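Heads up: the structure comes next, in structure tokens.
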Amino acid sequence: MPNRPWVFCALLCVLPFEVLCPAQSAPPLQENCSGEPKSFWVDGRPLLMRLCGGVAVFVIAEPLDRNPLAYAVAIRNVSKQPIDIHPGLFTLMDRRALDPRRVSAHMRKRAAWAAAFAGMGESLGHNSHSTVYGTDGSIATVDTHTQASSAEIDAAEKRAAGPLRRRANVVESQALKRNTVFPGGAVVGMVYFQRIKKLPDGRLRFAEPGGPVLEFPVRLNAK
């Protein structure tokens, strides 16, 4: 899961034009609680938007990672009251969003196991073979076992665990976190779901307690 700061910059750049700073002479934005969401294109990716009940919700309709599924979302409060936002308000095909802390903890656990197995393998050392030619014309093969140094073992552990640790760092830094969003404010982040195999498309839903369900068509798997 590479770091993709452009996604968040793009979301924040789109938000003010449509929601935060409409022209004074322009009519107020119409709510679209149902039907097709309003769509934009951001760097070749579809960005969907719904405005309903004083909340504007934006979703990048393609997952930025597939195991687990990761979607970039943004929520802007256009009401006159503060609202509480957290990943649990999102569902994908009736599956509630994963706790990002558990996602990153699982990745770090896998990284620890990867490092342990790599270090164990490296500590066994290396066997090498060399050929020795005698003065009488004879040929002999000599097997040599070399014990790995602590530095080599440490390097092997870091190579094995590095990718998963970097993914965990991205989850922790970019995940949508619980926030109270005041009028005019916005929050941006990633929401994560268990991987859904076989189905190419699905429905991502956002719903506050007692509020309307806002639905977005999203990709689940590559065509």
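The numbers here are math on the coordinates, done by the rules we state, and not lab data. Keep in mind the model is a prediction, meaning the values are calculated, not measured. Ideal geometry is used to build each Cβ from the backbone, glycine not excepted, and the neighbour counts take in all protein chains shown.
Here are a few things to note about the model shown:
- Efficiency of FRET from Cβ geometry, Arg45 and Val213, R₀ 25 Å, rounded to 0.05: 0.55
- Between Arg101 and Lys80, the C-beta separation translates, for a Förster distance of 22 Å, into a calculated FRET efficiency of about 0.10.
- Ranked by the mean number of other Cβ atoms within 10 Å per residue, highest first, peptides 194-201, 173-180 order as 173-180, 194-201.
- Per-residue packing, averaged as other Cβ atoms within 10 Å, sorts the ranges 57-64, 38-45 into the order 57-64, 38-45, beginning with the highest.
- Annotation: for a label point projected 7 angstrom from Cα along Cα→Cβ of Leu199, residues of region 92-114 with backbone N closer than 20 Å are 92-99.
- Gap separating the Cα centres of region 164-200 and region 62-113, nearest whole Å: 4 Å
- Packing rank of 206-214, 70-78, where each peptide gets the mean count of other beta carbons within 10 Å, highest leading: 70-78, 206-214
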